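Every read-out reported here was derived from the displayed coordinates using simple, explicitly stated rules and does not represent laboratory data. Predicted, not measured: the structure shown is a model, and the values here were computed from it. Note that each Cβ is placed from the backbone with ideal geometry, even for glycine, and that neighbours are counted across all protein chains shown.
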Amino acid sequence: MQESRSLFQIVDQVIQSFVNRSNLTHVKFQNCVPHQLDHVNHNADLIIFLLVLIVESALKFVSKKGYVEIGANSKANNFEMWVRNNGKGIPTEMKDLIFDRQFLLANKQSQTDMGLSIVKRMLNYYGGKIWVECDAKSGNMFVFTVPNQD
């Protein structure tokens, strides 16, 4: 459902759902969404769903004294969101494969490893995109775009 709910509030909601998990006390979460994006039209439920799946994937690569940051930027006809961690970088040869459902199924990945594939399929349906930027030393940044809804 389209609503003009603040992206900052949406990200806070997602962060709180992870902060309350007892097994994540070693991870620091930070909301990096600028307040000027408060009035972007978007599907709040979709954004929450996508962010939860991406954060769950980012947590698989986070270091012991880790952090996960969630941010956003406004673009011409869409907005871009990102989830960054400080964990082990994803190997270059895996950057596209982590989004590929057929590859994950063929390699018998568990259902919990299918999150990024689901995100990619959802974003394709809504006209968005997702990719990952990796650095073996500083971690990963999962970036996705979602078209603005008028």
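Name the residues in segment 52-91 that are under 20 Å from LEU123 (Cβ atoms), touching a Ser or Thr at 6+ places or on another chain (Cβ under 6 Å) and not acidic (Asp, Glu), would you?
ASN78
So how many residues does segment 16-29 have that are out of contact with any helix residue (DSSP H, G or I) (no Cβ under 8 Å at 6 or more places or on another chain) and surrounded by 12 or more Cβ atoms within 10 Å (Cβ to Cβ)?
Within segment 16-29, residues that are out of contact with any helix residue (DSSP H, G or I) (no Cβ under 8 Å at 6 or more places or on another chain) and surrounded by 12 or more Cβ atoms within 10 Å (Cβ to Cβ) number 2.
Identify the residue in segment 130-144 that is among the aliphatic types (A, V, I, L, M) and part of a strand (DSSP E or B) and, among all such residues, is nearest to the chain's Cα centre (by Cα).
Here the answer is VAL143.
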